[in-house]
Structures are given as structure tokens and as C-alpha cells.
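Below: the structure, in C-alpha cells.
The values are calculated or read from the model by the stated rules, or taken from the named source; none is laboratory data. Since the structure is predicted, the reported quantities are computational estimates derived from the model, not experimental observations. Cβ atoms come from the backbone with ideal geometry, glycine included; neighbour counts cover every protein chain shown. Note: areas computed on protein heavy atoms with side chains; ligands, DNA, RNA excluded. Shrake-Rupley method; radii C 1.70, N 1.55, O 1.52, S 1.80 Å.
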Amino acid sequence: FQELTQQIESYLRQKMPVWRSLYPGVEKMKVAVMGCIVNGPGESKQADIGISLPGTGETPAAPVFIDGEKCMTLRGDAIAQEFQAVVENYVEKRYGKAAICQA
């Protein structure tokens, strides 16, 4: 899970400067990347978007929470990349022009 965490955190650090220029307010977004099956889901629910990563030796399955609700479980070897796509989609929907028009 530490490798997955590093991949996701690196992605978020890389994307945030771009997102800030495109999506006002995105810097306040709370993302939880947790590696504990016990506390991970609870803490992920408290974030805008969160993922509870599998531990060493666990089946590669990671529940994803959006706005406090479990919305999916990512499985397999591409969890980090799939979560990045989920985050990208979330940012566009929540902070993009469509979100501004709905407000």
C-alpha cells in the first residue's frame, strides 16, 4: 500500500497547480489516501474523496468514497491509475464550469 500511496500523492502534487488555475476552490478539496482496512474507510468518508488501500498480502481491493458515500471498489493491479481517473472526474464535476452553472 505504501507504493500505491506514493503514486497517488505524487499525482495529486503534480496536478494541483494545474487544477488551481482551472478550477477555483479546488485547493480546499480533501483527499484521503489510507492504508488501513480498520480506520481507512472511516477516515476516507470524512474526505471529499478517499480511498482505503489494501495492506501487504491483502487482496488488491480498495473501496472509494466520494462525499462520504462508498461509491465503488477498485480491484487489481491498476488501483492507483484508476483512482487518479476517479479524482480527475471528481475535480471536473465538482469544480468545473458545469458545477459553477449549477450553483
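Report the local net charge at R94: Lys and Arg +1, Asp and Glu -1, summed over other residues whose C-beta lies under 10 Å from its C-beta. All intermediate terms of the calculation are to be shown ahead of the outcome.
On the way: positive: K93; negative: D48, D67, E92.
Surrounding charge for R94 is -2.
Leaving ligands, DNA and RNA out of it, rank E27, E88, E82 by accessible area with a 1.4 Å probe, largest first. Could the numbers behind the result be given before it?
On the way: E27 95, E88 40, E82 75 Å².
I get E27, E82, E88, largest accessible area first.
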